[in-house]
Structure formats: C-alpha cells, structure tokens
Amino acid sequence: MTESELAAFLNSSNHYLPQISIDCVVFGFHDNQLKILLLKMKGLDVWSLPGGYIPQDEDVETAAMGILEERTGLKEIYLEQFGIFGKKERYTKPFMESFFKKNNIQVPENHWTLQRFVSIGYYALVDFSKVNPTLVNFTEDFDWYEINKLPNLAFDHDEIIPKALQTLQLMLDHKLVGFNLLGEVFTMIELQSLYETILGTKLRRNNFQRKMLSLGILERVEKLYTGAANKAPYLYKFNDKVKNTEH
C-alpha cells in the first residue's frame, strides 16, 4: 500500500459502517492437514485472520465476499456466517496504537480504527491449490498454518478460530464441505481423511464409505490406476445436484 493509499484509507471513516468489522477463517485442506490462512501484521510478530470493514452501500455478505476475493484471488467461495464477537473486553485500541507506533503512522487519539469493534465471523472453504493470497492494508506476509499449530494471534482471533472449527464440525454432512476443500475428483480415502482431520478422530472405513454412498451425493468417475489394477481405487466427484445446492 502506497502512502497516498494508506492516507485515503485512514481518512475513509464515513465510507464504512462504524465499529463493525468482518473476520474470516479460511480453511484449506492440504497433505491430509486442515490449515488456516493467516496474514502477518506489518512490523509485528503477530498474525491475524483476513478481515476488513463493511462499506455503507454494501450488504454484509457482499462485503465478506469482497474481502475474501481480495485476500485469496477467488471469486466463487463457499462462505458461512458462524458468530458475532462483541465482548466488552474486545477492545482493540491498545493493539492498534502499538501497531501504528511501530510503523510510524500518525493518527489522532479518537481515530475510527481505534474504536471498539464488534466483529462478524465467517468461515470460508477453499481449494488450497487455487488460492493466490494478496497482501493489503496492514499486512506484510501470509502463510497457511495447521489448526493445532497456530502462531501468536492478534485481537481475539484465538477465540474466533475454535468457534469456526466447531461450526464446521457440526455442519459437515449438511454443508458437504468436501466439495469446497477437495479437488474436482478425489478418492474415498481422501474424502475420509478430510472428515477425520476436521473431526479429529478416526472413522471406520467400511462404515464411512457406506454412509457417503447412501447420501446420493457422489458420482463415480473412474479408477485411479497405480500399476496394480486390482487395487486401483475409484475416483469420485460430487454430483451436479450438490453443486447447484451449495452455490
């Protein structure tokens, strides 16, 4: 962000709804691990969830989609609101003051970014391989972190992430999250690995396969040949009915 762009942002309080923000937990599945996209705050050893503010002339969900598109480069993202975070102790002024001081940014004591914010939490499900993160505003780096190996987090993001994961676990079957976290085609083993990673527990293979096939949401494509034809697993994809329902 250039100095002129930063100045324009800092002076844009009338452009946004006052004291309301959005924080997004972006889940990606890679190497049998559930990971979260985090952004590093400029000049600080602190990481944060992708987030932003709500323009006066936009719906809340439209604003959330815009934030995610800007941060990930993806236009079609599965997005679900999962909570409101507004404890009276959720006071961001000390953190923002230290951030501005570290980066030699001068703002008045009553600046709009120093106010108490209530945050609307969304979780997003993305194909890890298609994400192309963009650094904007106050960030200088990004990385994917395993759900159980998170770095030092800003604000109350250490409370937001567990709530997002809990919601994801509860909605597994209803929201068919595999469609958004896996590639276009996948094996039953990969689908089971995804479920096990999210739930944090092992599942019986036969029971899982029977359950998934009974839901009528999978379409078998072909076998994945590995040189041993009799052991080649089938490839599956979610059928068009599921895709039309989820988007």
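The values are calculated or read from the model by the stated rules, or taken from the named source; none is laboratory data. Quick caveat, the model's predicted, so the values are computed rather than measured. As a convention, Cβ positions derive from the backbone with ideal geometry for all residues, glycine included, and neighbour counts pool all protein chains shown.
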Taking the options N132, N148, name whichever one is more than 28 Å from E89 (Cβ to Cβ) and modelled with pLDDT under 90. N132
Does the stretch 200-212 hold any residues that are among the aliphatic types (A, V, I, L, M) and farther than 19 Å from E184 by Cβ, and which are they? L203
Just to check your reading of the model, which residue among L125, L172, L182, L176 is in contact with a Phe, Trp or Tyr (Cβ under 7 Å, 6 or more places away or on another chain), on the phi > 0 side of the Ramachandran plot and modelled with pLDDT under 90? L176
Members of the stretch 46-64 found to be loosely packed, with under 14 Cβ neighbours inside 10 Å and under 13 Å from the mean Cα position of the chain (by Cα), listed by number: none
Among the residues of the stretch 149-204, write down those that are in a loop (DSSP other than H, G, I, E, B), in contact with a strand residue (DSSP E or B) (Cβ under 8 Å, 6 or more places away or on another chain) and not aromatic (F, W, Y). L150, P151, N152, A154, D156, M171, L176, V177, L182, E184, V185
Residue among L168, L172, L125, L203 that is surrounded by 14 or more Cβ atoms within 10 Å (Cβ to Cβ), within 27 Å of T62 (Cβ to Cβ) and without any contact (Cβ under 8 Å) to a residue 60 or more places away in the chain: L172
Exactly one of (1) within 18 Å of T139 (Cβ to Cβ); (2) surrounded by fewer than 17 Cβ atoms within 10 Å (Cβ to Cβ) is unmet by I67. Its number? (2)
Of everything in the stretch 16-72, what is touching a helix residue (DSSP H, G or I) at 6+ places or on another chain (Cβ under 7 Å), of a type in the set (A, V, I, L, M) and farther than 17 Å from L168 by Cβ? Give them in sequence order. I22, M41, L44, I54
Over the stretch 73-97, the set of residues more than 20 Å from the chain's Cα centre (by Cα) and of a type outside the set (F, W, Y) is K87, K88, E89, R90, T92, K93, P94, M96, E97
Limited to the stretch 89-117, what total is found for residues that are touching a residue at least 12 places away in the same chain (Cβ under 8 Å) and over 16 Å from L10 (Cβ atoms)? 5
